[in-house]
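Report on the following structure.
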Amino acid sequence: MPTILEHPKLPQYLLLSGFILLLGFGIAYILNPPSQSVPFDFTGTPVMTMTNLEAFQTILVKNLIATFLMISLGILNIGIMSYIGHCIDIDLSKNIKTFPEKMLNSLSRILPITALFINGYVIGRTIFLLNYDPIIVFSTIFPHGYIEFPMLLFVGSCSFIIIDELQETGLDLITLVSKHNNPKVRYILKNYLFYPYIVMITPCVIIAAIIEATFSYWNLKLVIGV
């Protein structure tokens, strides 16, 4: 079994990632209520012109880059905050008690939190553009969403776990880059970044892209009468 699936904090980070996604979706709904929604005009959009293969390639590349950036944002985030901590004499790898320590510790997770929130908002905004039509939403978003949504939760969880693990090393961003041969850092990157991304996330991205470029794509064209 992959190491990350045995991590004790994985369940709580899955729940946290789900909450952040739902929060982003909720904000999108509040800012774009059904009363303001109007039918989206697909004329001239890529939906009308792209082939299934072109749609697949575009979706695949976009999602591969997006998921890797999201899962690796934690490294950049904790590295920067640890460096700032060293500059102001705060060690994030030790017990965090004071307000400045808690604030810096919270900021060390702001990038993956923001990425999850934006994804949730985009989902809500997309449903708004689809005029909150349940037929269009369930026929065009849910076919690939059954894979993409759990994948997003997992990617967010990986990012939080990487932050926790790297935080325990006490290394800042400069040291992480210059001391990449550190056995602990190699273990974290192998088991919580590269292995999950290559073995678990990438296959899900490929499958979701195939479904989105075929079934979801066909369903959208069907419901809009193309």
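The values are calculated or read from the model by the stated rules, or taken from the named source; none is laboratory data. The structure displayed is predicted, hence computed values, not measured ones. With ideal geometry, Cβ positions are generated from the backbone for all residues, glycine too; neighbour counts draw on all protein chains shown.
Brief remarks on what is shown
- Residue that is modelled with the lowest pLDDT, among those in the stretch 212-222 that are closer than 17 Å to Leu129 by Cα and surrounded by 15 or more Cβ atoms within 10 Å (Cβ to Cβ): Leu220
- Residues that are touching a residue at least 40 places away in the same chain (Cβ under 8 Å) and under 19 Å from Asn63 (Cβ atoms) do not occur anywhere in the stretch 162-178.
- When Ile123, Ile110, Ile59 are screened for being touching a residue at least 24 places away in the same chain (Cβ under 8 Å), surrounded by fewer than 16 Cβ atoms within 10 Å (Cβ to Cβ) and under 30 Å from Pro33 (Cβ atoms), only Ile110 passes.
- Test for Ile163: is it closer than 16 Å to Gly79 by Cα and either surrounded by 18 or more Cβ atoms within 10 Å (Cβ to Cβ) or in contact with a Phe, Trp or Tyr (Cβ under 8 Å, 6 or more places away or on another chain) (or both): yes
- Residue match in the stretch 141-151 (condition: in contact (Cβ under 8 Å) with a residue 60 or more places away in the chain, of a type outside the set (Ser, Thr, Tyr), crowded, with 20+ Cβ neighbours inside 10 Å and part of a loop (DSSP other than H, G, I, E, B)): yes
- Residues being surrounded by fewer than 13 Cβ atoms within 10 Å (Cβ to Cβ), part of a helix (DSSP H, G or I) and either under 15 Å from the mean Cα position of the chain (by Cα) or not basic (Lys, Arg) (or both) - total across the stretch 175-186: 3
- Single residue of the stretch 152-174 satisfying the filter (assigned to a helix (DSSP H, G or I) and among the acidic types (Asp, Glu)) that is farthest from the chain's Cα centre (by Cα): Glu168
- Test: residue in the stretch 96-109 that is of a type in the set (A, V, I, L, M), more than 20 Å from the chain's Cα centre (by Cα) and not in a loop (DSSP other than H, G, I, E, B): yes
- You will find that of Leu222, Leu176, Leu166, the residue that is out of contact with any helix residue (DSSP H, G or I) (no Cβ under 6 Å at 6 or more places or on another chain) and farther than 19 Å from Phe149 by Cα is Leu222 and no other.
- Only residues that are touching a residue at least 40 places away in the same chain (Cβ under 8 Å) and exposed (fewer than 13 other Cβ atoms within 10 Å of the Cβ) were counted across the stretch 80-90, and they come to 0.
- From the list Ala115, Ala28, Ala66, the one residue that fits, being of a type outside the set (Ser, Thr, Tyr), surrounded by 15 or more Cβ atoms within 10 Å (Cβ to Cβ), without any contact (Cβ under 8 Å) to a residue 40 or more places away in the chain and closer than 27 Å to Ile147 by Cα, is Ala66.
- The single condition from (1) in a helix (DSSP H, G or I); (2) within 25 Å of Leu31 (Cα to Cα) that Tyr132 fails is (1).
- Pairs with Cβ under 6 Å, 6+ apart, first in the stretch 92-107 and closer than 13 Å to Asp164 by Cβ, second of a type in the set (D, E, K, R) and modelled with pLDDT of 85 or more: Ser93/Glu168; Ile96/Lys102
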